[in-house]
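All remarks here apply to the structure that follows.
The values are calculated or read from the model by the stated rules, or taken from the named source; none is laboratory data. Note that the structure is a prediction, hence the values are computed from the model and not measured. Neighbour counts are summed over all protein chains in view; Cβ atoms, including those assigned to glycine, are modelled from backbone coordinates with ideal geometry.
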Amino acid sequence: MSSSFVLPTQRNVEYGSNIAKYLVDMDDNDATFDFCGGMMFQLVLSKQLRTYLSKIAKATDEDYDGEHRDRQPIICNELQMKKIKNYSKDAVADNRRIFHGREIRRVPHATGGMGFVIQLSMAATEDPEGWSKDEIENYDGWGHDSGRTWRNADRYEAEGFPEFKTKFGPEAFGLHHRFYLHFDSRNRIWLSAEDGCEGTPSQGSKNQVQKFFGL
């Protein structure tokens, strides 16, 4: 993975304040976030969110009409979502400061070799890959994972995500979270779930086959 995703100095040179382009490029390059000290989650944007962020990313160009210029994603300084301004315990997301997302596991092709994906989708729209009505109405992402509802591939498709198995595999399952981005004291970017589980961009880890062959 490009060092401009991981190293703050290179990130700033490459992207500056264009965080939309940063996220789109991470998605395009199957970039990973290191959660909990070694759990590699590939970042995956829904098609609709990727299209939206791509428009925002281009809004800094002189030949663009600037419609999305003020919609750049916000990177907060608060280290917990509950400490950001106007935080509330609900399912609301604005595709800028707070995002709808899922942690999805048992994805056979996920970068990082662990089968883990963090998927972000558009909120408050008809995103085919977005949260279902049930996910929104019963969201409790501030609680512990063990007490929350995990969904399998069949349930995702039944609730309105028809391409779930095609995208993530028939054995995949997941849990929905709200996510936000924040800086740490070293100017690194963290993607953090509402319950506090978080990860920072990583060069990734080699899977067991790669390690065996020295790749």
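Report, by residue number, each residue of the stretch 174-215 that is over 18 Å from ILE19 (Cα atoms), outside any loop (DSSP other than H, G, I, E, B) and modelled with pLDDT under 95.
GLN208, VAL209, GLN210, LYS211, PHE212, PHE213
Of the numbered conditions (1) modelled with pLDDT of 95 or more; (2) assigned to a loop (DSSP other than H, G, I, E, B), LYS21 satisfies every one except a single condition; which is it?
LYS21 satisfies every listed condition except (2).
Does ASP34 satisfy being surrounded by fewer than 22 Cβ atoms within 10 Å (Cβ to Cβ), touching a strand residue (DSSP E or B) at 6+ places or on another chain (Cβ under 9 Å), touching a residue at least 12 places away in the same chain (Cβ under 8 Å) and within 24 Å of PHE168 (Cα to Cα)?
Yes: the conditions hold for ASP34.
Return the residues of the stretch 56-86 that are over 18 Å from the mean Cα position of the chain (by Cα), surrounded by 16 or more Cβ atoms within 10 Å (Cβ to Cβ) and at pLDDT 95 or above; say none if nothing qualifies.
ILE84, the sole residue that qualifies.
Does the stretch 87-109 hold any residues that are in contact (Cβ under 8 Å) with a residue 60 or more places away in the chain and surrounded by fewer than 15 Cβ atoms within 10 Å (Cβ to Cβ), and which are they?
PRO108, HIS109 - these are the residues of the stretch 87-109 that are in contact (Cβ under 8 Å) with a residue 60 or more places away in the chain and surrounded by fewer than 15 Cβ atoms within 10 Å (Cβ to Cβ).
When residues of the stretch 124-169 are filtered for being of a type outside the set (S, T, N, Q), in contact (Cβ under 8 Å) with a residue 60 or more places away in the chain and in a loop (DSSP other than H, G, I, E, B), how many remain?
Residues meeting the conditions: 6.
If you take the residues of the stretch 182-199 that are within 15 Å of ASN12 (Cβ to Cβ) and in contact with a Phe, Trp or Tyr (Cβ under 9 Å, 6 or more places away or on another chain), which of them is surrounded by the fewest Cβ atoms within 10 Å (Cβ to Cβ)?
Among those residues, the one meeting the criterion is ASP184.
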